[in-house]
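The values are calculated or read from the model by the stated rules, or taken from the named source; none is laboratory data. In this text, all values refer to a predicted model and were calculated from it rather than measured experimentally. Positions of Cβ are backbone-derived with ideal geometry, glycine not excepted, and every protein chain shown enters the neighbour counts.
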């Protein structure tokens, strides 16, 4: 219990500071997208759903119980994992292409804002964005295969934990939580979560 309390304290400290870590109320990190979202009267398609994806990815249980690294890379990978579950749900039935594309666009906007906030200049931002999109595409493929097989752990070890050596129980926790999210999304109508209310 003491170890978990210590992890919670560290997570809350990281959550308040650093790139990809500053919080906006309960939303988790200060996202370039959210800054623009709350400063605009016209809300674009996918804004609310993407904000919900980010909020879900910043919930502390992923980092405490799941052992995901609370670093810039770890938070990026967690956002990509939750976003993948939503994108894979959308591709499961026809008619969601516009929302799927809008979410990908929100992701690009957000990453662009984060990179610029970290001091990366215009000349190389495009290359970083291209790399991030390729990483998201790779994760989509890995998680698609994992969902079909009923086991996300190989893809999680490779894409979410990277060079970490998580405990089996931590990987199993994230595996079950992500597959549970995907199952609930499949059981929900798109209109029920498009407005930002993830099941």
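For the stretch 146-187, which residues satisfy the criterion of being in contact with a helix residue (DSSP H, G or I) (Cβ under 8 Å, 6 or more places away or on another chain) and closer than 21 Å to residue 95 by Cβ?
147, 182, 185, 186
Only one residue in 185, 140 is at pLDDT 95 or above and either under 20 Å from residue 102 (Cβ atoms) or touching a strand residue (DSSP E or B) at 6+ places or on another chain (Cβ under 6 Å) (or both). Which one?
Details: 140 fails: at pLDDT 95 or above.
None of the others qualify; the one that does is 185.
Out of all the residues in the stretch 32-47, is one or more at pLDDT 90 or above, outside any loop (DSSP other than H, G, I, E, B), touching a helix residue (DSSP H, G or I) at 6+ places or on another chain (Cβ under 8 Å) and under 23 Å from residue 181 (Cα atoms)?
Taking the stretch 32-47 first, the residues at pLDDT 90 or above are 47.
When the remaining residues are screened for being outside any loop (DSSP other than H, G, I, E, B), the result is 47.
Next, only the ones that are touching a helix residue (DSSP H, G or I) at 6+ places or on another chain (Cβ under 8 Å) stay: 47.
Narrowing the set further to residues that are under 23 Å from residue 181 (Cα atoms) leaves 47.
Yes: one or more hits.
Return yes or no: is residue 81 surrounded by 20 or more Cβ atoms within 10 Å (Cβ to Cβ), modelled with pLDDT of 50 or more and within 15 Å of the chain's Cα centre (by Cα)? Steps first, answer last, please.
Values: surrounded by 20 or more Cβ atoms within 10 Å (Cβ to Cβ): yes; modelled with pLDDT of 50 or more: yes; within 15 Å of the chain's Cα centre (by Cα): yes.
Taking the combined requirement at face value, the residue satisfies it.
Starting from residues that are in a helix (DSSP H, G or I) and either surrounded by fewer than 19 Cβ atoms within 10 Å (Cβ to Cβ) or touching a strand residue (DSSP E or B) at 6+ places or on another chain (Cβ under 7 Å) (or both), keep the ones in the stretch 57-75 and report whichever is modelled with the lowest pLDDT. Break it down into steps so the answer makes sense when it comes.
Initial filter on the stretch 57-75 (in a helix (DSSP H, G or I)): 57, 60-64, 72-75.
When the remaining residues are screened for being either surrounded by fewer than 19 Cβ atoms within 10 Å (Cβ to Cβ) or touching a strand residue (DSSP E or B) at 6+ places or on another chain (Cβ under 7 Å) (or both), the result is 60-61, 72-73.
Working: 60: 96, 61: 98, 72: 85, 73: 88.
That would be 72.
Report, ordered by the first and then the second residue, all pairs with beta carbons closer than 7 Å, sequence separation of six or more or different chains, a first member in the stretch 151-165 that is at positive phi, and a second member that is modelled with pLDDT under 95.
Matching pairs, first to second residue: 162/73.
Only one residue in 99, 88 is part of a helix (DSSP H, G or I), surrounded by fewer than 20 Cβ atoms within 10 Å (Cβ to Cβ), over 10 Å from the mean Cα position of the chain (by Cα) and at pLDDT below 95, so which one is that?
Values: 88 fails: at pLDDT below 95.
Step by step, each of 99, 88 is checked, and only 99 is part of a helix (DSSP H, G or I), surrounded by fewer than 20 Cβ atoms within 10 Å (Cβ to Cβ), over 10 Å from the mean Cα position of the chain (by Cα) and at pLDDT below 95.
Confirm whether residue 151 is outside any helix (DSSP H, G or I) and at pLDDT below 95. Reasoning before the result, please.
Values: outside any helix (DSSP H, G or I): yes; at pLDDT below 95: no.
Taking the combined requirement at face value, the residue does not satisfy it.
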